[in-house]
1. Look at residue 628 and say whether it is surrounded by fewer than 14 Cβ atoms within 10 Å (Cβ to Cβ), in contact with a helix residue (DSSP H, G or I) (Cβ under 6 Å, 6 or more places away or on another chain) and not acidic (Asp, Glu).
2. Return the residue satisfying two criteria in turn: it lies in segment 165-185 and is closer than 30 Å to residue 389 by Cβ and not in a helix (DSSP H, G or I), and of such residues it is farthest from ligand 1 (Cβ to nearest atom).
3. Looking at 507, 520, which is the one that is more than 21 Å from residue 146 (Cβ to Cβ), touching a residue at least 60 places away in the same chain (Cβ under 8 Å) and in contact with a Leu (Cβ under 8 Å, 6 or more places away or on another chain)?
4. Residue check: is residue 515 more than 16 Å from ligand 1 (Cβ to nearest atom), assigned to a strand (DSSP E or B) and not small (Gly, Ala, Ser)?
5. Kindly indicate the residue of segment 369-378 that is under 18 Å from residue 254 (Cβ atoms) and not aromatic (Phe, Trp, Tyr) and also nearest to ligand 2 (Cβ to nearest atom) among those meeting that condition.
6. I'd like to know if segment 412-424 contains one or more residues that are more than 19 Å from residue 539 (Cα to Cα) and at pLDDT 95 or above.
7. Give just the number: which of (1) within 16 Å of ligand 1 (Cβ to nearest atom); (2) buried (at least 23 other Cβ atoms within 10 Å of the Cβ); (3) outside the structural domain of residue 151 (by TED's automatic domain parsing) does residue 256 not satisfy?
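The values are calculated or read from the model by the stated rules, or taken from the named source; none is laboratory data. Just so we're clear, the structure is a prediction, and the values are computed from it rather than from any experiment. Counting neighbours? That spans all protein chains shown, and the Cβs are built from the backbone with ideal geometry, glycine included.
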Amino acid sequence: MAVRPPEHDVDDSGLSVGPPQTYAAGIPGVVQSLRHSGRQMGARRTLLTLLKVNQKDGFDCPGCAWPEGDSRHAAEFCENGAKAVAEEATLRRVTPDFFAAHSVAELAERSDYWLGQQGRLTHPMYLAPGAEHYRPVSWEETFDIIAGELAELDSPDEASFYTSGRTGNEAAFVYQLLVRALGTNNLPDCSNLCHESSGAALTETIGIGKGSVSLEDLHASDLIFVVGQNPGTNHPRMLSALERAKRAGARIVTVNPLPEAGLLRFKNPQKPSGVIGRGTQLTDEFAQIRLGGDLALFRALNRLLLLAEEETPGTVLDHSFITEHTHGFADFSADVRATDWPDVLEATGLEREQIERIHRMVLGSERIVVCWAMGLTQHKHSVPMIREIVNFLLLRGNIGRPGAGVCPVRGHSNVQGDRTMGIYEKPSEEFLDALGKEFGFAPPRAHGYDVVDTIRAMRDGRVKVFFALGGNFASATPDTAATEAALRRTALTVQVSTKLNRSHTVTGRRALILPTLGRTEADMQAAGPQFVTVEDSMSAVHASTGTLPPASPHLRSEVAIVCGLAERALAGRAGGPQVPWRELAGDYTLIRDRIARVVPGFGDFDRRVRRPGGFVLPHGPRDERSFPTATGKANFTVNRLEGLRVPEGRLILQTVRSHDQYNTTIYGLDDRYRGIRGGRRVVLVHPDDLAALGLDDADHVDLVGEYGDGETRVAPDFRVVAYPTARGCCAAYFPETNVLVPLDSTADISNTPTSKSVIVRLRPRRDERA
Ligand SMILES: Nc1nc2c(c(=O)[nH]1)N[C@H]1C(S)=C(S)[C@@H](COP(=O)(O)OP(=O)(O)OC[C@H]3O[C@@H](n4cnc5c(=O)[nH]c(N)nc54)[C@H](O)[C@@H]3O)O[C@H]1N2
Ligand SMILES: Nc1nc2c(c(=O)[nH]1)N[C@H]1C(S)=C(S)[C@@H](COP(=O)(O)OP(=O)(O)OC[C@H]3O[C@@H](n4cnc5c(=O)[nH]c(N)nc54)[C@H](O)[C@@H]3O)O[C@H]1N2
Ligand SMILES: [Mo]
């Protein structure tokens, strides 16, 4: 089924392609961030706002989840953080007049880019059954409508409650409490699309689904792997940490099908030498791997370590660590010995010499950190892939000591905190026990729906109310046509949002838009000005205080919205929790006091988080090499190689972010580092693959997905770009390519859509016209 691109409002005619850049940031980065912000906010507001980003008395950057560190620069933000802030602090507004002028059907034809450009939402809006336009409503009416629909359900499991990872801890905590008070664990979140595979692999192997390193560990490491990650675009401040590690003598191995600019050379915009100089060469060894080849690479490295140990016993492996702290070594080592070079070379596309070179770097390194992001988590075999990385680190005791460990680099600025607060469709018994005890009720025990299961349930009529605390569900999820049809089957869709997006146009029979405060904005409640708290990628929890006047006087904070709805929807229900919703909404300190009693590691929360810089949560493996797994030890695992079968004439497509987007929010049409300007419908393919397929650079093709369900999915009209990616692989941007990701193609165990391995055929447009 072909999905027509809602792109007629994007002027792609200026699309131009130049050579990819070989370094990141420096002067262009600084200039870009000021230029973009100035357009949205004006010069003075720009400067005052940007000076508050990531300062101890300011707000947490709504960009990524990279930590801040102790010594902060006056400008502790990056080009893309500045764009995220400008996007939120924009002076443009989407008012009731806007909705009167544009029907929902008309808005549904618009691109995510155009919708996002319209500005901040100002009023609660309601789309009545059969209506063509949203109309303004009061907050009380919105709560009545939602409570009414919830009361109609045959079971609380017929509602599902999504969260995107910008929601602060306080709102996340009261939200999961409301959802469990309603009687369901249907709490899908963006993690399900993102780092779920990391959480699953790490929980099984080390007992906690979070990274084990701090910034100091990165600085002190002597070998850092950056696998499946594009920090120059998505975590720019990570480059400063890599640069610092590098200066202290670390070496960096980059594993990626694409030569990403930021990882090659970095010009630090916060240092005079970086702004004008040549910058730091970051990567020592670039392994240009085939998509999905990482399990084979780490298996090969593990086999080489075992062989080296056989040659010089007692010098390679950390035997005392393995004996004292791990389980399953014998089974693992027996299995890894069976690894064959031909399989490894085919799966990775790498040369044997290079893998052996990396192996020698490993042997020469005392302290190793492995960092990764979406390049590892969005494949069918993501969980075994990440487990194999844990095997690799365990062999030499590279966990729970300075300078070493696992570093899954999170995406959304509080995605990790939301999970800590209980946003999880599979909550632990301990968490539910503590929640029930604190609030005097019996939380539901049955596991709920994640994102993919929520879509299936809406499709099948088993979920009738869909509520989203942030995010853009319709655009961020796979299989756009199927997902949109599923959303349209529901009775009610509710979006708590800062900005207009596609999810407001793909609605149930009725729909609501609840406009909310962003991170940058002052949050005034009954007890006075409030701050919220967030947790970064390295388990540091700190406060975030907005300062700008709210975009509209009608906005409510996420906490106020959740508590207001809870009061209304739970009124008169017997057996529910005892919660003073109104008081909690008036004073977030009271919420933090409850969190302190329910969530481990949050003792004395409110006082500790007020200290400048906040505090770091306990982490057994990192702090004391204690591994809270089923065996009580760190687990070695057996992970078999299962290659992706790619039929003749097909390529594996990965769907990635451009430099000018934040997930589904499109800031602009350039991808500067990759040399793409003025358009997004491009597919990057190796020149030799193009030749083999009989295609040329600048040809136009349709991307045709042929998944085993007999259905053909088509993303029409992409310009081919000859690009130095790994052979057999190609890349294009999401959300445009989400139409190609089949709903049922998900990672084993984590159920994450396989957004980085979609098998496609490039169908020339000239055939179409012929
Ligand atoms: N400016 C900006 N910042 C962001 C975001 C944004 O959209 N814009 N999004 C945020 C979010 S939610 C997240 S999760 C992160 C995402 O951060 P990233 O994971 O860096 O984002 P992607 O663009 O998906 O890039 C995936 C990278 O992995 C590589 N890759 C793909 N498949 C494979 C593979 O099989 N093996 C290996 N070794 N590499 C592979 C790709 O070539 C690419 O470099 O960024 C966060 N920060
Ligand atoms: N094909 C493909 N699909 C992917 C990915 C991929 O790599 N490839 N990556 C996946 C990943 S890693 C992720 S994390 C998901 C992201 O999925 P989501 O988190 O659902 O999507 P976002 O685009 O981040 O959401 C943007 C919207 O959030 C709202 N918003 C912004 N700030 C706030 C706030 O402070 N409060 C509230 N309530 N709303 C706010 C705005 O209305 C904005 O339109 O996408 C996933 N989808
Ligand atoms: Mo993400």
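1. yes
2. The selected residue is 185.
3. The conditions single out 520.
4. yes
5. Restricting to residues being under 18 Å from residue 254 (Cβ atoms) and not aromatic (Phe, Trp, Tyr), the top hit is 374.
6. Looking for residues that are more than 19 Å from residue 539 (Cα to Cα) and at pLDDT 95 or above, one finds none in segment 412-424, hence no.
7. If we test residue 256 against (1) within 16 Å of ligand 1 (Cβ to nearest atom); (2) buried (at least 23 other Cβ atoms within 10 Å of the Cβ); (3) outside the structural domain of residue 151 (by TED's automatic domain parsing), just (2) comes out false.
For (1) part of a strand (DSSP E or B); (2) within 16 Å of ligand 1 (Cβ to nearest atom); (3) in contact with a Lys or Arg (Cβ under 9 Å, 6 or more places away or on another chain), each residue gets a yes or a no:
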residue: 187; (1), (2), (3): no, no, yes
residue: 191; (1), (2), (3): no, yes, yes
residue: 199; (1), (2), (3): no, yes, yes
residue: 204; (1), (2), (3): no, no, yes
residue: 211; (1), (2), (3): no, yes, yes
residue: 216; (1), (2), (3): no, no, no
residue: 225; (1), (2), (3): yes, yes, no
residue: 238; (1), (2), (3): no, yes, no
residue: 241; (1), (2), (3): no, yes, no
